[in-house]
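Participant: First the structure, then my questions, so here it is.
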Amino acid sequence: MENKVLGLHHITAIAGDAQRNYDFYTQTLGLRLVKKTVNFDDPQTYHFYFGDRIGTPGTLITFFPWPRVRQGIPGAGMATEIGYSVPEGSLEFWKDRFERLQVWHDGLETHLGERSLPFQDPDGLGLRLIEAADSDTRTAWETAEIKQEHAMKGFHTVTLTLNNIKATARILEEVFGYELLEKEENMYRYRTHAVEQAAFVDLLESPGAPRGLNAGGTNHHVAFRVKDEKVLMAFREKILARGLYITEKINRDYFYSLYFREPGGVLFEIATDNPGFMVDEEVDQLGSTLQLPSQYEGIRAEIEEALPTLHIN
Ligand code: ZN
């Protein structure tokens, strides 16, 4: 198990207004802000990480909020929907909540054999709450309004829209160790048996779909999880051996990363469990203070000045 891809690590998307993004994910959805930092390549932009209590890989959605970003368009070569696991029987609670808080949502539906509720965040990002067929034993982060019986436990799946699934499926199967579990019309569900949760990837084959535009309200990349840097670098060799470009190892402070574009056009990352989010904050303090990578500490005042003010509740 140790040298395998361990399901999803995090998914990163682009938002518009930082406060609106923070409020939606922490208040409306009840996730925990586990890290408030900046985009390491663009330090005048926040980078938010929302997840469970300790930021366990497989629970992490991250955002770059760009206040004046143009609206993106979901399409081929992109992750187009993020599926979160919720407890059995909780979808009515969520549907009522979304109606009360005026969150855009569809009706309850059965999707790949599971009850689910599709919805969108305020930037139009496509999400879905799913009562997973297999029991999910993860403990969710709780808020005053959202307790364990309803709370989002972390990722269940991610949907990639592709003109043709073949080359992407080969990466999942031959490199990442996933296998085809089921097919419903043009939707192909893959899973890994290396982990119990965040173990699915759904490929939606849509031959005529135009390419997506990666901007506000769309996903930037999907990160898969490995144990440590040794496994990470072994995967680097496997990707190179297939003739694909892949980056050098990059230190993201909370994990180490590699990035490559899979042949269907989706930007994939492979990210390690180590060192995790407690490297610069105690568990109880996670997300409370702006954390900067060491190269930016010297210009902290300028960065704080340039970032939009964020009211933390
Ligand atoms: Zn990432």
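Participant: Evaluate region 202-210: report whether one residue or more is buried (at least 19 other Cβ atoms within 10 Å of the Cβ) and part of a loop (DSSP other than H, G, I, E, B). Talk me through it step by step, then tell me what you get.
Facilitator: At the first step, the residues of region 202-210 found to be buried (at least 19 other Cβ atoms within 10 Å of the Cβ) are 202-203, 205.
Narrowing further to those that are part of a loop (DSSP other than H, G, I, E, B): none.
No, because not a single residue in region 202-210 is buried (at least 19 other Cβ atoms within 10 Å of the Cβ) and part of a loop (DSSP other than H, G, I, E, B).
Participant: With respect to the numbered conditions (1) in contact with a Ser or Thr (Cβ under 6 Å, 6 or more places away or on another chain); (2) surrounded by fewer than 19 Cβ atoms within 10 Å (Cβ to Cβ), which one is the sole condition not fulfilled by Gln44?
Facilitator: It is condition (1) that Gln44 fails.
Participant: May I pose another question? Scan region 261-291 for residues that are more than 12 Å from the ligand (Cβ to nearest atom), outside any loop (DSSP other than H, G, I, E, B), over 22 Å from Glu2 (Cβ atoms) and touching a strand residue (DSSP E or B) at 6+ places or on another chain (Cβ under 6 Å) and jot them down. Full working, then the answer.
Facilitator: Start the filter on region 261-291 by keeping residues that are more than 12 Å from the ligand (Cβ to nearest atom), which leaves 261-266, 273-291.
Filter again for outside any loop (DSSP other than H, G, I, E, B), leaving 261, 273-275, 277-279, 283-285, 290.
Right, trim to over 22 Å from Glu2 (Cβ atoms) and you get 261, 283-285, 290.
Residues satisfying the conditions are Arg261, Leu290.
Participant: For region 50-84, name all the residues that are out of contact with any Phe, Trp or Tyr (no Cβ under 7 Å at 6 or more places or on another chain), hydroxyl-bearing (Ser, Thr, Tyr) and assigned to a strand (DSSP E or B).
Facilitator: The answer is Thr80, and nothing else.
Participant: Still on this structure, please answer the following. Looking at (1) farther than 18 Å from Phe260 by Cα; (2) surrounded by 15 or more Cβ atoms within 10 Å (Cβ to Cβ); (3) not aliphatic (A, V, I, L, M), find the lone condition where Arg225 falls short.
Facilitator: (1)
Participant: If a residue must be within 16 Å of the ligand (Cβ to nearest atom) and of a type outside the set (S, T, N, Q), how many such residues does region 202-228 contain?
Facilitator: Taking region 202-228 first, the residues within 16 Å of the ligand (Cβ to nearest atom) are 214, 218-226.
Now restrict to residues that are of a type outside the set (S, T, N, Q): 220-226.
Total meeting the criteria: 7.
Participant: Could I ask something else about it? Looking at region 159-168, is at least one residue within 20 Å of the chain's Cα centre (by Cα), at pLDDT 95 or above and not hydroxyl-bearing (Ser, Thr, Tyr)?
Facilitator: First, pick out the residues of region 159-168 that are within 20 Å of the chain's Cα centre (by Cα): 159-162, 168.
Right, trim to at pLDDT 95 or above and you get 159-162, 168.
When the remaining residues are screened for being not hydroxyl-bearing (Ser, Thr, Tyr), the result is 160, 162.
Checking region 159-168: at least one residue is within 20 Å of the chain's Cα centre (by Cα), at pLDDT 95 or above and not hydroxyl-bearing (Ser, Thr, Tyr).
Participant: Tell me, please, whether a residue that is in a helix (DSSP H, G or I) and within 16 Å of Leu6 (Cβ to Cβ) can be found in region 238-246. Give the derivation first.
Facilitator: Step one: list which residues in region 238-246 are in a helix (DSSP H, G or I), which gives 238-241.
Going one step further and asking which of them are within 16 Å of Leu6 (Cβ to Cβ), we end up with 238.
Yes, the conditions are met somewhere in region 238-246.
Participant: Testing Ile165 on (1) in contact with an Asp or Glu (Cβ under 6 Å, 6 or more places away or on another chain); (2) among the aliphatic types (A, V, I, L, M); (3) within 21 Å of Lys4 (Cβ to Cβ); (4) more than 16 Å from the ligand (Cβ to nearest atom), one condition comes back false. Which one is that?
Facilitator: With (1) in contact with an Asp or Glu (Cβ under 6 Å, 6 or more places away or on another chain); (2) among the aliphatic types (A, V, I, L, M); (3) within 21 Å of Lys4 (Cβ to Cβ); (4) more than 16 Å from the ligand (Cβ to nearest atom) applied to Ile165, the lone miss is (3).
Participant: Condition test on Ser294, is it within 16 Å of the ligand (Cβ to nearest atom) and of a type outside the set (Val, Ile, Thr)? Please lay out each step first, then the result.
Facilitator: Values: within 16 Å of the ligand (Cβ to nearest atom): no; of a type outside the set (Val, Ile, Thr): yes.
Here the answer is no, as Ser294 does not meet what is asked.
Participant: Let me ask something else about it. Those residues that are within 18 Å of Gln102 (Cβ to Cβ) and in contact with a strand residue (DSSP E or B) (Cβ under 6 Å, 6 or more places away or on another chain), I need them from region 16-29; list them, please.
Facilitator: Listed by number, the residues that qualify are Gly16, Asn21, Tyr25, Thr26.
Participant: Moving on to the next point. Under 6 Å by Cβ, and 6 or more places apart or on different chains, what pairs join a residue from region 230-246 that is at negative phi with one that is modelled with pLDDT under 95 and exposed (fewer than 15 other Cβ atoms within 10 Å of the Cβ)?
Facilitator: Once the first residue is at negative phi and sits in region 230-246, its partners that are modelled with pLDDT under 95 and exposed (fewer than 15 other Cβ atoms within 10 Å of the Cβ) give Val231/Asn3.
Participant: Confirm whether Phe235 is under 13 Å from Phe260 (Cα atoms), within 16 Å of the ligand (Cβ to nearest atom) and over 19 Å from the mean Cα position of the chain (by Cα). So that I can check it myself, show each step before the final result.
Facilitator: Values: under 13 Å from Phe260 (Cα atoms): yes; within 16 Å of the ligand (Cβ to nearest atom): yes; over 19 Å from the mean Cα position of the chain (by Cα): yes.
When the stated conditions are applied, Phe235 passes them.
The values are calculated or read from the model by the stated rules, or taken from the named source; none is laboratory data. These numbers come from a predicted model, not from an experiment. No Cβ is skipped: glycine too gets one built from the backbone with ideal geometry, and neighbour counts run over all protein chains shown.
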